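I have placed the structure first, in the form of structure tokens, so that the comments after it can refer back to it.
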Amino acid sequence: MTFSRLSSVPPRHELRSVLNSGLSCLGLAFFFSVFANLLMLTGPLFMLQVYDRVLSSRSEETLVALFMLVAMLYGLMAGLDFARGRIVARFGARFQSCLDKRVFDATLRQSIHPRVRASTATASRDLESIQTLCASPVLLAIMDIPWTPLFIAAIFVFHPTLGWLAVAGGASLILVALLNQKLTRRKLANAQSAGARANMLSEYARQASEIICAQGMKEQVSDRWSQQRADALGQSIRASDWTGSFSAMTKSLRMLLQSAMLAVGAFLVLQNEMSPGAMIAGSILLGRALAPVEQGISQWAIVERARSAWRSLDGFLNAVPPEPEHTNLPRPKAHLAVNGLAVVPPGSSAPTLRGATFEISAGDALGVVGKSGSGKSSLAKALLNLWSPVSGEIRLGGATLDQYDPDALGRYVGYLPQHVTLFQGSISENIARLDQNPDAEKVIEAAKKANAHDLILSFPNGYDTRIDGLDDQLSGGQRQRIALARALYCDPVLLILDEPNSALDAEGTEAVNTAVRELKVAGKMVIIMTHRPQAIAECNLLAVMEKAQITRFGSRDEVLNASVQNAGVIRHTFAKAGNQ
């Protein structure tokens with residue numbers, strides 16, 4: 001019961017392929033269902049024998065023998081039910097396990113693209129909904145429904161009138177099931193959608209808790225969330241009312257049919273057309289025939305939720321195809337060439353970067369300066385291969401970025417974002433990029449390159465200090481210096497710094513400048529996106545961006561002389577920073 005790999009599966013058929021690879025599990029469960037349902041005849045046949053043979057013959061030995069046989073058969077049936085329940089539960093777990101990493105990877109890659117952000121937020125929950133269906137009793141009820149005609153056919157053996165009554169009862173329940181599906185599908189979907197909106201607002205509020213409290217927005221946000229939550233609860237109650245009404249109707253109808261079966265059977269016994277044992281057995285068989293239908297209706301919300309999740313997850317995975325396999329390229333040389341690069345953000349039609357062309361080599365530090373919205377962030381995301389160019393190309397060590405495996409590229413290109421995110425774990429694990437067995441020597445070396453070694457040793461437990469990525473136990477500058485060590489952990493050939501001085505004091509700024517200086521000496525490349533003069537103190541090259549274009553590129557002093565009136569003051573700032 002193993003699942004095939006998905007790397008060669010066309011994206012459009014991923015869910016179907018995983019399902020098909022586990023059909024042997026479902027086939028085995030259905031095989032057990034054959035015998036489990038045949039053993040369901042034990043009760044009716046036992047009642048038939050007791051009424052027609054034991055009571056008429058008054059044989060205690062026959063009663064004991066029949067009961068021992070029935071006990072053995074019920075024990076076997078319990079074992080089969082237990083076995084098929086375990087099989088379908090493990091099928092659901094393996095289905096989720098096979099797709100968990102795929103969904104998680106797709107969520108990470110696509111979370112920066114607004115056009116599928118809603119699907120991203122629910123993809124994991126969709127997968128869990130499908131797994132819940134596989135582990136729920138309703139799947140076994142669906143496997144039992146095909147045996148309903150067999151039990152009804154057995155009732156015909158007792159008497160045709162009872163058989164036709166069973167057919168009429170089964171048809172009534174099927175009609176109720178169809179009405180249930182038709183009338184509750186939209187209501188269940190609306191309830192799920194309303195609940196998702198409320199949960200999304202709650203998550204946004206959690207992430208922005210500081211600004212909400214600081215700006216006096218708590219009451220307004222709380223009121224809005226309460227309105228959405230009340231709407232979700234109302235939708236859920238309405239859907240539950242409809243589902244509950246059909247469930248109650250089904251249960252009452254089934255009990256009425258069993259009573260009707262007894263009444264008609266008793267009439268036929270009085271007419272000497274059948275035996276009392278057949279009357280009781282027919283009633284039990286009818287209850288067993290209609291039980292899976294009743295169970296399916298009562299748990300229809302699980303089925304509907306799984307169907308909706310299947311469609312949503314299938315669309316999400318189609319929109320985010322698996323990463324293609326890449327040939328492992330050697331470590332690139334320190335040479336970056338950008339030629340005619342144009343970038344359009346996902347979900348937009350207007351380019352935020354046009355015609356960018358420049359080249360840097362080993363030992364170069366390039367400062368990219370410009371106003372907000374000039375295209376600096378677009379250039380950074382393109383250099384990190386987060387956004388694909390619509391025209392032009394980026395070559396690192398002679399190969400375009402898309403030729404590298406994304407994980408390998410992450411080791412060759414270090415990145416320090418403006419807004420630093422650390423994760424739950426030790427400082428050592430964060431620097432080692434959450435490696436469960438971090439290389440202590442490489443961790444310390446990266447921290448020293450980032451001039452964060454002494455800072456880390458000042459913490460109570462040094463490198464083993466546990467941090468929570470969501471709290472504020474570290475200052476912004478401390479977090480940024482730890483993140484710089486993380487960017488340097490794999491000894492990248494290119495380091496990209498996005499506003500590295502935004503949260504640093506004078507000591508932190510000097511630490512970053514020292515790190516840039518040492519990287520240049522080591523033959524690495526550095527690109528700094530900034531608007532602060534202190535950040536480009538160690539840059540030998542400068543690019544000025546205006547209106548999504550690089551308007552000037554060249555040596556730092558030449559570009560400053562040509563574009564900045566107070567270039568002398570800025571150079572004095574550089575000299576002062578270098579002497580500190």
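The values are calculated or read from the model by the stated rules, or taken from the named source; none is laboratory data. Predicted, not measured: the structure shown is a model, and the values here were computed from it. Note that each Cβ is placed from the backbone with ideal geometry, even for glycine, and that neighbours are counted across all protein chains shown.
Go through the stretch 80-90 and give me each residue that's closer than 21 Å to Pro292 by Cα and out of contact with any Phe, Trp or Tyr (no Cβ under 9 Å at 6 or more places or on another chain).
Matches in the stretch 80-90: Phe82, Gly85, Arg86, Val88, Ala89.
Specify the residue that is modelled with the lowest pLDDT; the eligible residues are those in the stretch 321-360 that are in contact with a Pro (Cβ under 8 Å, 6 or more places away or on another chain) and within 30 Å of Ile130 (Cα to Cα).
My answer is Gly347.
Hey, Lys376 hits all of (1) modelled with pLDDT of 90 or more; (2) closer than 28 Å to Thr107 by Cα; (3) not hydrophobic (A, V, I, L, M, F, W, C) but one; which does it fall short on?
Here Lys376 meets the rest and fails (1).
State yes or no: is Ser308 touching a Lys or Arg at 6+ places or on another chain (Cβ under 9 Å), of a type in the set (Gly, Ala, Ser) and at pLDDT 80 or above? Don't jump to the end; show me each part of the working.
On the way: touching a Lys or Arg at 6+ places or on another chain (Cβ under 9 Å): yes; of a type in the set (Gly, Ala, Ser): yes; at pLDDT 80 or above: yes.
Yes.
What is the one condition in (1) under 30 Å from Asn437 (Cβ atoms); (2) of a type outside the set (A, V, I, L, M); (3) in a strand (DSSP E or B) that Gly554 does not satisfy?
Among (1) under 30 Å from Asn437 (Cβ atoms); (2) of a type outside the set (A, V, I, L, M); (3) in a strand (DSSP E or B), Gly554 violates only (1).
Looking at the stretch 69-85, is at least one residue over 30 Å from Gly195 (Cβ atoms) and of a type in the set (Val, Ile, Thr)? Before you say what the answer is, go through the steps one by one.
Going residue by residue through the stretch 69-85, those that are over 30 Å from Gly195 (Cβ atoms) are 69-84.
With of a type in the set (Val, Ile, Thr) added as a condition, the list becomes 70.
The answer is yes, given that some residue of the stretch 69-85 is over 30 Å from Gly195 (Cβ atoms) and of a type in the set (Val, Ile, Thr).
With the structure loaded, tell me whether Ser129 is part of a helix (DSSP H, G or I), under 41 Å from the mean Cα position of the chain (by Cα), on the phi < 0 side of the Ramachandran plot and among the small types (Gly, Ala, Ser) or whether it fails that test.
yes
When you scan the stretch 8-110 for helices (runs of 4 or more DSSP H) that lie fully inside it, which ones turn up with 3 or more residues that are within 40 Å of the chain's Cα centre (by Cα) and crowded, with 17+ Cβ neighbours inside 10 Å?
The helices (runs of 4 or more DSSP H) meeting that bar are 14-21, 23-38, 60-110.
I'd like the residue in the stretch 16-37 that is at pLDDT 85 or above and among the aliphatic types (A, V, I, L, M) and, out of all such residues, is farthest from Gly277 (Cα to Cα).
The qualifying residue farthest from Gly277 (Cα to Cα) is Leu28.
Determine if the stretch 59-81 includes at least one residue that is charged (D, E, K, R) and under 30 Å from Ser136 (Cα atoms). Explain how you work it out, then say what you get.
In the first step, residues of the stretch 59-81 are kept if they are charged (D, E, K, R); the result is 60-61, 81.
Those left that are additionally under 30 Å from Ser136 (Cα atoms): 81.
Yes, the stretch 59-81 contains at least one residue that is charged (D, E, K, R) and under 30 Å from Ser136 (Cα atoms).
If Ser57 meets every condition in (1) of a type outside the set (Val, Ile, Thr); (2) closer than 22 Å to Ala289 by Cβ; (3) at pLDDT below 85 apart from one, which number is that one?
For Ser57, the exception is condition (2).
If Pro276 satisfies every condition in (1) surrounded by 14 or more Cβ atoms within 10 Å (Cβ to Cβ); (2) at positive phi but one, which is the exception?
(2)
List pairs: first residue in the stretch 225-243 and outside the structural domain of Tyr204 (by TED's automatic domain parsing) and more than 19 Å from Gly296 (Cβ to Cβ), second residue outside any helix (DSSP H, G or I) and among the small types (Gly, Ala, Ser) anywhere in the structure, Cβ distance under 6 angstrom, at least six positions apart or on different chains.
none
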